[in-house]
Amino acid sequence: MTPVSTASSGGIGQARRRVEDRALLTGRGRFTDDIRIAGCLHAAFVRSPEARGRIAAVDTAEAAAMPGVVRIFAGPDLAGLGRTSVNPLMPELRPLPPEPLAIETVAAVGAPVALVVADTAAAAMDAAEAVWVEIEPPPADIAPGGPEAVQARERWRTPKQDTRNAAARAGVSLRQPLLAPAALEPRGLVADAASETGRLTVWLGSQSPHRAREELAAVLGLNPELLRVVAPDVGGAFGMKASLYPEDIAVAFAARSLGRCVKWIATRSEDFLAATQGRGQSVEAALSAAADGTLLHLDASVRAPLGTWMPYSAVVPARNAGRILPGPYRVASVDIEASGVETRGAAVGIYRGAGRPEAALAMELLVERLADALDLPPEELRRRNFVKATDMPWTTPTGQRLDSGDYSAAHDRAAALLGPETAAQDGLLHGRATVAYIEPSGLGWETARLTLGADGAITAATGSTAQGQGRTTAVQQIVGSRLGIDPDAVAVIHGDSRAPATAIGALASRSTPIGGSALIEACDGLRRQAEERFGRSIGNCPDWPAIALQTGGLEADATYTAGGEAWGYGAVGSAVAIDPETGVLTVERLVWVDDAGTVVNPMLAEGQLLGGIAQGIGEALIERIVYDADGQLLTGSFMDYGIPRAADMPPMTLERMETPSPANLLGAKGIGEAGAIGAPAAIACAVMDALRPLGVKHLDMPYTPAHIWQAIRDARINDGAGAGDR
Ligand code: SMO
């Protein structure tokens, strides 16, 4: 590993202010809806009002005659297109690619059935409402909520540890709420087939424009050379904008058919109906331990909902939940099965954490219950079982290679920050827990291109896209440090399928570890080229303008492949109080210790952690997608679906450890998902601690007042205390 130099000003490790914010905060961001192409048409989708059925008729006559309507497309018009792919990450996989527009049947409410293209967005929406869609109910034997087919499966199994001497065994049976990623900016795209003959340019709110380009080219049967995909400013994505959608294909197809530019921006309701959702897993698991607390055997069955079609990353949550389940603990043997199951409703895909929060929640609840059964403090049970710093790298029973870190130290620090329990005589139920989590940050490759212009200007193009993380700021710091120049002097390009030529994109906490390492390699490539031209070293702070003048400019491409996953980790202490009369839960405090390895910019890292915590708190406290028995969505707006606001954030203490990862050039580990992984597990364990004295064995999230109140009441009735109440 090459050591990374640290420049004195704005270099790696410095809390440099975000260069993006001036434009974003003064209304000068350029999001997909801000892309204005002269003569561009507007699209609106006609969606299925039913959860399941056969399409008896799509009558477009009235709509087609409305003012401003240019063309209406229905399923059969797009029948000849190819299908998108599903990343085959699990050994048993039966892909369910979407139809861009439904042809004979509809499988979910909100499934696109027709596409109206008109002169204005209002005209397109009006006409879409005038399209008459008749859906015949399905035969009674395939009613909504019918048989759920397994579409993907994997099993991790090691020779079973002798559990005859097990002193205790604890089980959990939990179900996580289904969540809406709810990015501030809804989905959307502008597909322009008019500006350049034979070419298609697509502006797409996407985490992976290069992948979108490949998929779109394949589906449309178009030479990828003729297709350019650009992700402009993207207002949040969280996994929901990682894969190509049926709407993207339909709009691009319409643009090509008409030889025009076509724009579609989703409404908030359309995002609730038809954007990918997250979580919703059911986990049945049991963990046994010897009398001294040594963890013996973990049995688990993970069932991940997939919805009615599969995006590219569809099986990631199921696979991650299974492979990560043992968490930061040494478990002697495992038998874990994870499956992805077709369910009625929108597609379920990756959402901030993508299986990691699910794994942490199940394992931490198991550890708490096992400690109770062993009559050990849960902190003590954790301490006895953490993978030790001296054991690293450590291969888990599911075959994962934990690279570095001191889990025990992070946990002890978090426990110390939480402090000793104080007896409060306030009539509230108090609970606390200090949990631990791990966060693998992606495998594989990413790209970068460094250009020294003839005028001396330095441009860095990265394959890691940006959705609000402060990517430009971080890239400038990495490149500035490595080239020995002021970070402000580095121009940054991201989100353009033209530069670099290939890329993966921003997913799985991989951008700084892998994308950052690609930038380091490209910087070194630029240096090497300069030194070869001059036949000598150019020193630590080269005179790049002089080199540009003498060489006429240089360009270096790099594809960096990580040596393995870099595992971020951390520990979270949580103190909660519950009003037994109203069920109102207050998260009194969160204390946090995270180790993301080398941190490029502590301010950006803290922002990532806080954002993830907010979404984790939303999951624990209020968020839940609900479908009724007929498959109709009951939570189709922010009136019905709660997301956390600033006032929902508890007092927090955030600390950091910094163990560089040996798995990449920067030594960086993921942090974007950490908050969403640790917060639900920490709050759930503290809530169960608070409710345990009442005999509440388990309570699923979200912990709304009504939900907690009911659990307390049921426990009291079961206990006899409330007998006769009803
Ligand atoms: S859930 Mo992430 O965007 O891999």
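The values are calculated or read from the model by the stated rules, or taken from the named source; none is laboratory data. Worth saying up front: this structure is predicted, and the values here are computed from it rather than measured. Note: ideal-geometry Cβ built from the backbone for every residue, glycine included; neighbour counts use all protein chains shown. Heads up: the accessible areas ignore ligands, DNA and RNA and are worked out on the full protein's heavy atoms, side chains in. Shrake-Rupley method; radii C 1.70, N 1.55, O 1.52, S 1.80 Å.
Of all residues in region 307-325, those that are more than 13 Å from the ligand (Cβ to nearest atom), in contact with a helix residue (DSSP H, G or I) (Cβ under 8 Å, 6 or more places away or on another chain), over 20 Å from Pro397 (Cβ atoms) and not in a loop (DSSP other than H, G, I, E, B) total 0. The numbered conditions (1) under 29 Å from Ala373 (Cβ atoms); (2) of a type in the set (Val, Ile, Thr); (3) open to solvent by 10 Å² or more (accessible area, probe 1.4 Å) are all true for Val283 except (3). Screening Arg153 on (1) assigned to a strand (DSSP E or B); (2) under 24 Å from Pro95 (Cα atoms); (3) in contact with a Lys or Arg (Cβ under 8 Å, 6 or more places away or on another chain) shows it passes everything except condition (3).
Considering each residue of region 18-33, count those that are closer than 21 Å to Leu204 by Cβ and assigned to a helix (DSSP H, G or I), and give that number. Can you show your working first?
As a first pass, look at region 18-33 and keep what is closer than 21 Å to Leu204 by Cβ: 20, 23-24, 28-33.
From what is left, the residues that are assigned to a helix (DSSP H, G or I) are 23-24, 32-33.
Residues flagged as closer than 21 Å to Leu204 by Cβ and assigned to a helix (DSSP H, G or I) within region 18-33 amount to 4.
Taking the numbered list (1) open to solvent by 10 Å² or more (accessible area, probe 1.4 Å); (2) part of a helix (DSSP H, G or I) in turn, Ile683 passes all entries but (1). Of the set (1) open to solvent by less than 30 Å² (accessible area, probe 1.4 Å); (2) among the aliphatic types (A, V, I, L, M); (3) part of a loop (DSSP other than H, G, I, E, B), all apply to Met639 but (1).
Condition first: assigned to a strand (DSSP E or B) and in contact with a helix residue (DSSP H, G or I) (Cβ under 6 Å, 6 or more places away or on another chain). Now tell me which residues in region 118-141 satisfy that. Give the derivation first.
Start the filter on region 118-141 by keeping residues that are assigned to a strand (DSSP E or B), which leaves 118, 132-136.
Ala118, the sole residue that qualifies.
For region 477-492, the criterion of being within 16 Å of the ligand (Cβ to nearest atom), of a type outside the set (A, V, I, L, M) and buried (at least 19 other Cβ atoms within 10 Å of the Cβ) is satisfied by no residue at all. Pairs linking a residue in region 197-211 that is on the phi > 0 side of the Ramachandran plot to a residue that is more than 13 Å from the ligand (Cβ to nearest atom) and at pLDDT 95 or above, with Cβ atoms under 7 Å and 6 or more positions apart or on different chains, are Gly198/Leu226.
Within region 497-520, restricting attention to residues that are away from the ligand (no atom under 16 Å from the Cβ) and surrounded by 21 or more Cβ atoms within 10 Å (Cβ to Cβ), the residue that is nearest to Glu215 (Cα to Cα) is Ser497.
Number of residues in region 531-545 that are touching a residue at least 40 places away in the same chain (Cβ under 8 Å) and part of a helix (DSSP H, G or I): the value is 2. For the residues Arg54, Arg36, the requirement of being outside any loop (DSSP other than H, G, I, E, B), open to solvent by 30 Å² or more (accessible area, probe 1.4 Å) and not small (Gly, Ala, Ser) singles out Arg54. Does Arg369 qualify as being open to solvent by 10 Å² or more (accessible area, probe 1.4 Å), away from the ligand (no atom under 16 Å from the Cβ) and more than 21 Å from the chain's Cα centre (by Cα)? So Arg369 passes the test. When we screen Tyr351, Tyr329 for residues that are buried (at least 24 other Cβ atoms within 10 Å of the Cβ) and at pLDDT 95 or above, the only hit is Tyr351.
Filtering region 652-670 to residues that are closer than 14 Å to Gly515 by Cα and in a loop (DSSP other than H, G, I, E, B) leaves Ala663, Asn664, Leu665, Leu666, Gly667, Lys669, Gly670. Scanning region 669-703 for residues that are of a type in the set (A, V, I, L, M) and within 16 Å of the ligand (Cβ to nearest atom) gives Ile671, Ala674, Ala676, Ile677, Ala679. Among the conditions (1) within 16 Å of the ligand (Cβ to nearest atom); (2) in contact with a strand residue (DSSP E or B) (Cβ under 7 Å, 6 or more places away or on another chain); (3) more than 19 Å from Pro705 (Cβ to Cβ), Glu619 misses just one, which is (3).
Answer yes or no as to whether Gly463 is within 16 Å of the ligand (Cβ to nearest atom) and open to solvent by 30 Å² or more (accessible area, probe 1.4 Å). Explain how you work it out, then say what you get.
Working: within 16 Å of the ligand (Cβ to nearest atom): yes; open to solvent by 30 Å² or more (accessible area, probe 1.4 Å): no.
Against the criterion (within 16 Å of the ligand (Cβ to nearest atom) and open to solvent by 30 Å² or more (accessible area, probe 1.4 Å)), Gly463 does not qualify.
Among the candidates Glu565, Glu555, Glu581, Glu606, the residue that is open to solvent by 10 Å² or more (accessible area, probe 1.4 Å) and part of a helix (DSSP H, G or I) is uniquely Glu606.
Each residue in region 125-167 was checked for being basic (Lys, Arg) and at pLDDT below 95, and 2 of them qualify.
Part of a helix (DSSP H, G or I), touching a residue at least 60 places away in the same chain (Cβ under 8 Å) and away from the ligand (no atom under 16 Å from the Cβ): does that describe Thr472? Quick ask: steps written out before the conclusion?
On the way: part of a helix (DSSP H, G or I): yes; touching a residue at least 60 places away in the same chain (Cβ under 8 Å): yes; away from the ligand (no atom under 16 Å from the Cβ): yes.
Taking the combined requirement at face value, the residue satisfies it.
So, in region 287-306, of the ones that are under 30 Å from Pro181 (Cα atoms) and open to solvent by less than 20 Å² (accessible area, probe 1.4 Å), which residue ends up nearest to the ligand (Cβ to nearest atom)? Filtering region 287-306 for residues that are under 30 Å from Pro181 (Cα atoms) and open to solvent by less than 20 Å² (accessible area, probe 1.4 Å), the one nearest to the ligand (Cβ to nearest atom) comes out as Ala304.
Just name the residue that is farthest from the ligand (Cβ to nearest atom) out of those in region 259-284 that are part of a strand (DSSP E or B) and more than 24 Å from the chain's Cα centre (by Cα). If you could, list the steps in order and put the result at the bottom.
Let us first name the residues in region 259-284 that are part of a strand (DSSP E or B), namely 261-265, 277-279, 282-284.
From the residues that got through so far, the ones that are more than 24 Å from the chain's Cα centre (by Cα) too are 261-263.
On the way: Cys261: 29, Val262: 27, Lys263: 25 Å.
Only one residue fits best here, namely Cys261.
Scanning region 96-117 for residues that are closer than 13 Å to Trp309 by Cβ, open to solvent by less than 70 Å² (accessible area, probe 1.4 Å) and part of a strand (DSSP E or B) gives Val106, Pro112.
In region 389-444, which residues are within 16 Å of the ligand (Cβ to nearest atom) and open to solvent by 50 Å² or more (accessible area, probe 1.4 Å)? Passing the criteria: only Leu443.
All conditions in (1) touching a Pro at 6+ places or on another chain (Cβ under 6 Å); (2) touching a residue at least 40 places away in the same chain (Cβ under 8 Å) hold for Ala217, with the sole exception of (2). One residue stands out in region 71-95 among those that are open to solvent by 60 Å² or more (accessible area, probe 1.4 Å) and not in a loop (DSSP other than H, G, I, E, B): the one that is farthest from Val131 (Cα to Cα), namely Glu92. Selection of region 164-195 for residues being surrounded by fewer than 16 Cβ atoms within 10 Å (Cβ to Cβ) and assigned to a loop (DSSP other than H, G, I, E, B) yields Arg164, Asn165, Leu184, Ser195. Restricting attention to region 491-530, the residues that are part of a helix (DSSP H, G or I) and among the small types (Gly, Ala, Ser) total 8. Name the single residue that is nearest to the ligand (Cβ to nearest atom) among those in region 209-258 being outside any strand (DSSP E or B), under 25 Å from the mean Cα position of the chain (by Cα) and of a type in the set (D, E, K, R). Across region 209-258, the extreme among qualifying residues is Lys241.
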